[in-house]
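K.L.:
Have a look at the structure that comes next, please.
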Amino acid sequence: METVTMTLVQHPELYLECYSVTPDLFAGKSLAEIADLPAHEGKIVWKLGDFFKFDGKSGATAAETRIIVNGDVHKMKRFGQQMTAGEILINSAADMYVGCWMRGGKITVKGNADAFLGIAMEGGEITVEGDATNHVGSAYRGDWRGMSGGLIRVKGKAGNDIGTAMTGGTIIIEGDAFIHVLTHADGGTVIIKGDVEGRVGGQMVKGDAYVLGKILYPLPGFKKVATVEKECDGQTYTFDQYIGDLGERKGKKKGEVIYGNIYLKA
Amino acid sequence: MPKVIENVGCPYCGCSCDDVRVTVSDDGKKVLEVENVCAIGTEIFKHGSSDHRIRKPRLRQPDGSMKDITYEEAIEWTAQHLYKAKKPLMYGFGSTNCEGQAAAARVMETAGGMLDNCATICHGPSFLAIFDNGYPTCTLGEVKNRADVIVYWGSNPAHAHPRHMSRYSIFPRGFFTGKGQKKRTVIVVDPRYTDTANVADIHLRVKQGHDYELFDAFRMVVNGHADDLPDVVADVPKEQILEVAEIMANARFGTTFFGMGLTHSDGRNHNIDIAISLTRDLNKVAKWTIMAMRGHYNIAGPGVVWSWTFGFPYCLDLTKKNYAHMNPGETSSVDMAMRDEVDMFINIGTDAGAHFPIPAVQHLKKHPWVTIDPSINMASEISDLHIPVCICGVDVGGVVYRMDNVPIQFRQVIDPQGLLDDETLLNKIADRLDELNAQGA
């Protein structure tokens, strides 16, 4: 695997849209060609080379390309948009839309990531070592298909709308979350290792939520049915199993009604 | 001889009453009397002929004072700053006509900026819920003529929409509702005992910020899971939930009117989202509709006009020039202002100075700020340039959309006396921008 290292030399005045920073667009290009890729700041179209210095070499394909981003890029959004393979390592905080519509590959953010982390993601892996905010792995506005595959791991806390309209894949929040986890979900798994304020599984058709901390305000639409032993992120715990959302439509499989599940650590 | 003008539209709240009678002086310059209108509407008509109105654009001078300038100078100043800005924002449109909103779309498309309306701090979450879940709605005429169960959820029309209850929902005698309020059941859901709750048959005192749980409980009852309901949900006892669910399920025609209580408590769009889901559930057993209590007389207008122009109703990002993008949270006015993401601000037909959070206003104030508004308000007093325009519905007519998205033709009642209307002003700015773009290309 070849590595391209991009180092910040100039901060944008407003916010910069780095939709060109993906292994797919870097692959097979010389450093001069990479520096020529566009980036929007409002209506002004800059080149990546106006803000970054490039070193190293890109691979022949996306899968053979690794991008390392150095410098404080917390005012830059859309890293890894729609990427299909390869790796991105961001050594600071990043702004919105990290890994949005991502289909494969791996992104690591060493600091915090802002809203819309991995929205409508289809595959691949995102790790955020700091906090995330709202709309982690959720759907784009008006879409009924949120995250459908892949893994998002946030080592800090997150805000609201975790996995809204999710249909597959896994989201792991190692800290606390605010409200709306798996709202409208039709599949997928969300693991919250801290506490949640409330609204876990509202309007959920199916899907699994694991909460290792507490749910401050549980929804009335969930009913406790059993106490089970289950594995969750490599460890086994005893959970109280709740099914729901009883107010939402439900599908049937082999004559059995399929419910969404909340596994709350007993 | 004073002249009486009939069927005039009122430029105040989302009711957009169109049965107002206005008496104007012989010379057409003074409003003498206003009938069929609430206290606030009366004041807007009276303000139209006030001696204190600003009639010339005012530009801030280096010493901080404001100096009168001509419209031509104001148009040049605005066009030059729009041309220079990387990411200008135009926000407002609570109080303009659709013609002005269409001209604003032209300006911001030409300038390559952000375009947003007051929904962003009001019923924007309702739009997001409607995107997600549909909008089983009706017109206010249908409510008047058919509805026998009315729910006001998180809204207080007694104060915010003064003629809503008397003209459309509770009191009027319609085609199938000949007995008026005697045959209507009114349910108010609000954490406070409001003046609207005072006229309700049932008041559900929901715990503040927990409407979502109460909606979930109603959906459980409608979907046959009443037995699994906890004894109390969001401070409302189970018996009361079952009683209200029974009334809802037996309605001949029910309407839920929702307001800021849902759109501006935690969860925002999801509160509306689940209200729409409940409406859908209720339609299995009865006829139910839902409607947003839109605030201003034409705040539904930009949603309609920009949807047919760009495909999105608010929070528009037109910086890419060849396609529009929208994602509230990123492209919404308050979020951009809080993040200091715009470098010019045009406040039109609203008062961002009064409505935005203080840190947002502080960020916006660092950059050129233009206010286009007939009145003196907090935004006009802190702006670099204040351009006075006609009051829609008083000095100029035009099309407006009522809260139920019904278009209504508003009328001009007095002479504008030299003031430009929004459409003319904005088109002149767009013309000048076209020239600057052509020179720059």
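The values are calculated or read from the model by the stated rules, or taken from the named source; none is laboratory data. All figures in this text were calculated on a predicted structure; none of them were measured in a lab. Using ideal geometry, Cβ is built from the backbone for each residue, glycine included, and neighbour counts are taken over all protein chains shown. Side chains are part of the model used for accessible areas, which takes the heavy atoms of the whole protein and leaves out ligands, DNA and RNA. Shrake-Rupley method; radii C 1.70, N 1.55, O 1.52, S 1.80 Å.
K.L.:
What are the residues in region B:103-125 that are polar (S, T, N, Q) and closer than 12 Å to residue B:426 by Cα, if any? Give the steps one after another, and end with the answer.
P.N.:
In the first step, residues of region B:103-125 are kept if they are polar (S, T, N, Q); the result is B:110, B:117, B:120.
Residue satisfying the conditions is B:110 alone.
K.L.:
Additional query: Taking the condition of being within 14 Å of chain B (Cβ to nearest Cβ) and either surrounded by 18 or more Cβ atoms within 10 Å (Cβ to Cβ) or closer than 26 Å to residue A:235 by Cα (or both), how many residues in region A:141-157 meet it?
P.N.:
Here is the first cut: in region A:141-157, the residues within 14 Å of chain B (Cβ to nearest Cβ) are A:141-146.
Imposing the further condition that a residue be either surrounded by 18 or more Cβ atoms within 10 Å (Cβ to Cβ) or closer than 26 Å to residue A:235 by Cα (or both) reduces the set to A:141, A:146.
Residues in region A:141-157 being within 14 Å of chain B (Cβ to nearest Cβ) and either surrounded by 18 or more Cβ atoms within 10 Å (Cβ to Cβ) or closer than 26 Å to residue A:235 by Cα (or both): 2 in total.
K.L.:
Output the number of residues of region B:195-210 satisfying the condition of being open to solvent by 10 Å² or more (accessible area, probe 1.4 Å) and at negative phi.
P.N.:
So the first thing to find is which residues in region B:195-210 are open to solvent by 10 Å² or more (accessible area, probe 1.4 Å), and the list is B:195, B:198-203, B:205, B:207-210.
If we keep only those that are at negative phi as well, we get B:195, B:198-203, B:205, B:207-208, B:210.
So the answer is 11.
K.L.:
What is the number of the single condition among (1) away from chain A (no Cβ under 14 Å); (2) part of a helix (DSSP H, G or I); (3) open to solvent by less than 10 Å² (accessible area, probe 1.4 Å) that residue B:77 does not meet?
P.N.:
Going through the list (1) away from chain A (no Cβ under 14 Å); (2) part of a helix (DSSP H, G or I); (3) open to solvent by less than 10 Å² (accessible area, probe 1.4 Å), residue B:77 breaks only (3).
K.L.:
Please specify each residue of region B:98-137 satisfying the condition of being among the polar types (S, T, N, Q) and open to solvent by 10 Å² or more (accessible area, probe 1.4 Å). Talk me through it step by step, then tell me what you get.
P.N.:
Applying the first criterion (among the polar types (S, T, N, Q)) to region B:98-137 yields B:101, B:110, B:117, B:120, B:126, B:133, B:137.
Answer for region B:98-137, where residues must be among the polar types (S, T, N, Q) and open to solvent by 10 Å² or more (accessible area, probe 1.4 Å): B:110, B:120, B:133, B:137.
K.L.:
Oh, and also: Return the residues of region A:88-111 that are more than 14 Å from chain B (Cβ to nearest Cβ), farther than 15 Å from residue A:19 by Cβ and surrounded by fewer than 22 Cβ atoms within 10 Å (Cβ to Cβ); say none if nothing qualifies.
P.N.:
A:89, A:91, A:92, A:104, A:106, A:108, A:110, A:111
K.L.:
Now a separate question. Residue B:180 fails exactly one of the following numbered conditions: (1) at pLDDT 95 or above; (2) open to solvent by less than 10 Å² (accessible area, probe 1.4 Å). What is the number of that condition?
P.N.:
(1)
K.L.:
When the residues of region B:272-322 are narrowed to those that are at pLDDT 95 or above, within 24 Å of residue A:39 (Cα to Cα) and away from chain A (no Cβ under 11 Å), which ends up least open to solvent (accessible area, probe 1.4 Å)?
P.N.:
For region B:272-322, the residue satisfying everything is B:316.
K.L.:
Which one of A:208, A:176, A:245, A:240 is touching a residue at least 24 places away in the same chain (Cβ under 8 Å), on the phi < 0 side of the Ramachandran plot, surrounded by 20 or more Cβ atoms within 10 Å (Cβ to Cβ) and more than 10 Å from chain B (Cβ to nearest Cβ)?
P.N.:
A:208
K.L.:
Next up: Tell me the residue from B:30, B:56, B:87, B:67 that is more than 21 Å from the chain's Cα centre (by Cα), crowded, with 18+ Cβ neighbours inside 10 Å, of a type in the set (D, E, K, R) and farther than 25 Å from residue B:167 by Cα, please. Steps first, please.
P.N.:
Numbers: B:30 fails: crowded, with 18+ Cβ neighbours inside 10 Å; B:56 fails: crowded, with 18+ Cβ neighbours inside 10 Å; B:67 fails: crowded, with 18+ Cβ neighbours inside 10 Å.
Within the list B:30, B:56, B:87, B:67, the selection yields B:87.
K.L.:
Now for a separate question. What are the residues in region B:385-405 that are outside any strand (DSSP E or B), within 19 Å of residue B:37 (Cβ to Cβ) and either open to solvent by 20 Å² or more (accessible area, probe 1.4 Å) or touching a Lys or Arg at 6+ places or on another chain (Cβ under 6 Å) (or both), if any?
P.N.:
Once the filter is applied, which keeps residues that are outside any strand (DSSP E or B), within 19 Å of residue B:37 (Cβ to Cβ) and either open to solvent by 20 Å² or more (accessible area, probe 1.4 Å) or touching a Lys or Arg at 6+ places or on another chain (Cβ under 6 Å) (or both), region B:385-405 yields B:397, B:402, B:403.
K.L.:
Yes or no: region B:97-105 includes at least one residue that is among the acidic types (Asp, Glu), modelled with pLDDT under 95 and within 21 Å of residue B:373 (Cβ to Cβ). Please lay out each step first, then the result.
P.N.:
Let us first name the residues in region B:97-105 that are among the acidic types (Asp, Glu), namely B:99.
Restricting the remaining residues to those that are modelled with pLDDT under 95 gives none.
Looking through region B:97-105, none of the residues is among the acidic types (Asp, Glu), modelled with pLDDT under 95 and within 21 Å of residue B:373 (Cβ to Cβ).
K.L.:
Does at least one position in region B:253-266 carry a residue that is facing chain A (nearest Cβ under 10 Å) and within 27 Å of residue A:222 (Cα to Cα)? Talk me through it step by step, then tell me what you get.
P.N.:
Step one: of region B:253-266, the residues facing chain A (nearest Cβ under 10 Å) are B:266.
Still in the running and within 27 Å of residue A:222 (Cα to Cα): B:266.
Looking through region B:253-266, at least one residue is facing chain A (nearest Cβ under 10 Å) and within 27 Å of residue A:222 (Cα to Cα).
K.L.:
Does residue B:82 satisfy the criteria of being within 14 Å of chain A (Cβ to nearest Cβ), assigned to a strand (DSSP E or B), open to solvent by less than 20 Å² (accessible area, probe 1.4 Å) and more than 20 Å from residue B:396 (Cα to Cα)?
P.N.:
Numbers: within 14 Å of chain A (Cβ to nearest Cβ): yes; assigned to a strand (DSSP E or B): no; open to solvent by less than 20 Å² (accessible area, probe 1.4 Å): yes; more than 20 Å from residue B:396 (Cα to Cα): yes.
No.
K.L.:
Out of the residues in region B:323-346 that are within 11 Å of chain A (Cβ to nearest Cβ) and part of a strand (DSSP E or B), which is nearest to residue B:380 (Cα to Cα)?
P.N.:
Only one residue fits best here, namely B:344.
K.L.:
If you take just the strands (runs of 3 or more DSSP E) that sit entirely in region A:16-60, which of them hold at least 2 residues that are buried (at least 17 other Cβ atoms within 10 Å of the Cβ)? It would help to see each step written out before you state the result.
P.N.:
On the way: elements: A:38-41, A:44-47, A:52-56.
Qualifying strands (runs of 3 or more DSSP E): A:38-41, A:52-56.
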